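Enquirer: Quick one: this structure, given as structure tokens, is what I'll be asking you about.
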Amino acid sequence: MIITGSLIIVCVMLLLGVSVYVAFGSVLIFIAMVGDQSISGYLPTGSTGIRSLVLLAIPLFMIAGGIMEKGRIAAPLVSLAEMFIGHIKGGLSAAAVLACGVFGSISGSANATLTCIGGIMMPHLKKANYPRGQSAALIVSASPLGLLIPPSSSHILYGWVAQQHVLKCFLSTVIPAIILITLLIITNQIMLRKHNDIQLTERPNPFMPALMGQGRLAGPALMMPIIILGGIYGGIMTPTEAAGIAVVYAIPVAIYFYKGLTWKTLAQTIQRSGVTIGVVMAMIFMVLIVSDNLIAQGAPQIAKDMVYSVSDNPIVILLMINVVMILIGMLMDDISGLLLATPILLPIAQSVGMDPIHFAAVIGVNLGMANITPPTAPLLYLGAQVCETPVAKMLWPTLVFIVFAWLPTLMLTTFIPELALFLPDLLLSK
């Protein structure tokens, strides 16, 4: 009764547009009413959980992403990519995809990636006569690269919940991210064949001096992921320490080098990031309590029995897991979806021989795709605002990118475990 009632309450409230943490808070009240423990009895579970040192990396990366977004740190990265391929038809939109990947590797956030790169690239794409709806849909489809290219807040949470090596979780989605970038660019190029009025960016002549000048301008921005990832994978810093270094590094670069921030606007940026952090931590607190309660009620075993009652074929089971994760991701953001799905679905995946690090890649791709999948698609609606493009114009191109880029990436990641395990085994083998 508790499991069924909890799921019904969450689904109904999320479909009504209620905030995730409010929806799960309502579930907590329901559990306390029908269970044998008061609400106060559940609070230690959440308060103990969110005091984890690992979770401190999430708000720090959020602050670093906010500073980068407002500090004009992404603009020189876009210009550098545009210099290489802007003179080719479709090159400017390909530069937008690559910029999403680079910025995502720094911010670790799909929302920050979409807001920043969309705001920078859409005016350029419109000016060059790229189709508006398709361009906006491409940026929306590429923004979840912020969840796949390390460092990723989602994979910090996954490593914490699943008790796995966080660095291995980071590396598990690198190859899927490269596959996704390639398929997005190829699909977009095919869709642009009939658009003959696109204006190409003139390549600077001489090229090398211009490239060196732009490289010097983009250098401080490019150094940020090198410092963060080099420190983490070199064993010099933990992810939490790297997140703190990212904040310390981003502040002087944004204020003194790119001059996108002042000390006053920095305080405002940190304040806005603090509001977002508060919402996220409240959401983690609520979801963590509900998730632990569902585990105590036997939800993982019930879910496993239901799946095996349909089929015991590993391929069918993995497909069902993917469908469930997509549905979860369509109803809620990646963080709450991960907290809810991991403890319930990971045991099922392990029962058919899937490595937990492999599952990290699968859940990352699933939740990223779900966030752009209609009808809910939170990133799609955010993209409509950022790119100033009606959702109706973005809908069809987004579905094309899902079918020909995201779904192939998901299937390859699910059924070829080496794509997820190759880099963790290569770089972090004992």
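Enquirer: Among the residues of region 7-52, write down those that are modelled with pLDDT under 65 and under 20 Å from Gly337 (Cα atoms).
Expert: Within region 7-52, Thr45, Gly46, Ser47, Gly49 qualify.
Enquirer: Now a separate question. Given the options Ile190, Ile178, Ile156, name the one that is closer than 30 Å to Glu241 by Cα, without any contact (Cβ under 8 Å) to a residue 12 or more places away in the chain and either open to solvent by 60 Å² or more (accessible area, probe 1.4 Å) or part of a helix (DSSP H, G or I) (or both).
Expert: Step by step, each of Ile190, Ile178, Ile156 is checked, and only Ile178 is closer than 30 Å to Glu241 by Cα, without any contact (Cβ under 8 Å) to a residue 12 or more places away in the chain and either open to solvent by 60 Å² or more (accessible area, probe 1.4 Å) or part of a helix (DSSP H, G or I) (or both).
Enquirer: May I ask you to say which residue of Leu183, Leu171 is farther than 20 Å from Glu82 by Cα and either part of a helix (DSSP H, G or I) or in contact with a Phe, Trp or Tyr (Cβ under 6 Å, 6 or more places away or on another chain) (or both)?
Expert: Leu171
Enquirer: Shifting gears a bit: Confirm whether Thr413 is in contact (Cβ under 8 Å) with a residue 60 or more places away in the chain and open to solvent by less than 40 Å² (accessible area, probe 1.4 Å).
Expert: Considered against the rule, which asks whether it is in contact (Cβ under 8 Å) with a residue 60 or more places away in the chain and open to solvent by less than 40 Å² (accessible area, probe 1.4 Å), Thr413 comes out as yes.
Enquirer: Check region 259-277 and report whether any residue there is buried (at least 18 other Cβ atoms within 10 Å of the Cβ), in contact (Cβ under 8 Å) with a residue 12 or more places away in the chain and not in a helix (DSSP H, G or I).
Expert: Checked against the condition, which is being buried (at least 18 other Cβ atoms within 10 Å of the Cβ), in contact (Cβ under 8 Å) with a residue 12 or more places away in the chain and not in a helix (DSSP H, G or I), region 259-277 yields at least one hit.
Enquirer: Kindly indicate whether Gln301 is of a type outside the set (A, V, I, L, M, F, W, C), part of a helix (DSSP H, G or I), open to solvent by 30 Å² or more (accessible area, probe 1.4 Å) and under 24 Å from Leu60 (Cβ atoms).
Expert: no
Enquirer: Listed residues His124, His165, His87; which is in contact with a Lys or Arg (Cβ under 6 Å, 6 or more places away or on another chain), surrounded by fewer than 23 Cβ atoms within 10 Å (Cβ to Cβ) and modelled with pLDDT under 90?
Expert: Result: His87 is the single residue among His124, His165, His87 that is in contact with a Lys or Arg (Cβ under 6 Å, 6 or more places away or on another chain), surrounded by fewer than 23 Cβ atoms within 10 Å (Cβ to Cβ) and modelled with pLDDT under 90.
Enquirer: Turning to a different aspect of this structure: Just checking, does region 389-405 include any residue being on the phi < 0 side of the Ramachandran plot and in a loop (DSSP other than H, G, I, E, B)?
Expert: yes
Enquirer: How many residues does region 225-244 contain that are closer than 20 Å to His165 by Cβ, β-branched (Val, Ile, Thr) and assigned to a helix (DSSP H, G or I)?
Expert: 3
Enquirer: Name the single residue that is nearest to the chain's Cα centre (by Cα) among those in region 367-391 being over 21 Å from His124 (Cα atoms) and among the polar types (S, T, N, Q).
Expert: It comes out as Asn371.
Enquirer: Follow-up question, since we're still on this one. Within the set of pairs 6+ apart or on separate chains, which have a first residue in region 301-322 that is farther than 24 Å from Thr409 by Cβ, a second that is exposed (fewer than 15 other Cβ atoms within 10 Å of the Cβ) and among the aliphatic types (A, V, I, L, M), and C-beta atoms under 9 Å apart?
Expert: Pairs that qualify, where the first residue is farther than 24 Å from Thr409 by Cβ and the partner is exposed (fewer than 15 other Cβ atoms within 10 Å of the Cβ) and among the aliphatic types (A, V, I, L, M), are Val310/Val316.
Enquirer: I've got another one for you. Can you pull out every residue in region 127-144 that is part of a helix (DSSP H, G or I) and modelled with pLDDT of 90 or more?
Expert: Correct list: Arg132, Gly133, Gln134, Ser135, Ala136, Ala137, Leu138, Ile139, Val140, Ser141, Ala142.
Enquirer: With Asp334, Asp292 as the choices, which residue is touching a Ser or Thr at 6+ places or on another chain (Cβ under 7 Å), touching a residue at least 40 places away in the same chain (Cβ under 8 Å), surrounded by fewer than 18 Cβ atoms within 10 Å (Cβ to Cβ) and not aromatic (Phe, Trp, Tyr)?
Expert: None of the others qualify; the one that does is Asp292.
The values are calculated or read from the model by the stated rules, or taken from the named source; none is laboratory data. Fair warning: this is a prediction, and the values are worked out from it, not measured in the lab. As a convention, Cβ positions derive from the backbone with ideal geometry for all residues, glycine included, and neighbour counts pool all protein chains shown. All accessible areas refer to the heavy atoms of the entire protein, side chains included, with ligands and DNA or RNA removed. Shrake-Rupley method; radii C 1.70, N 1.55, O 1.52, S 1.80 Å.
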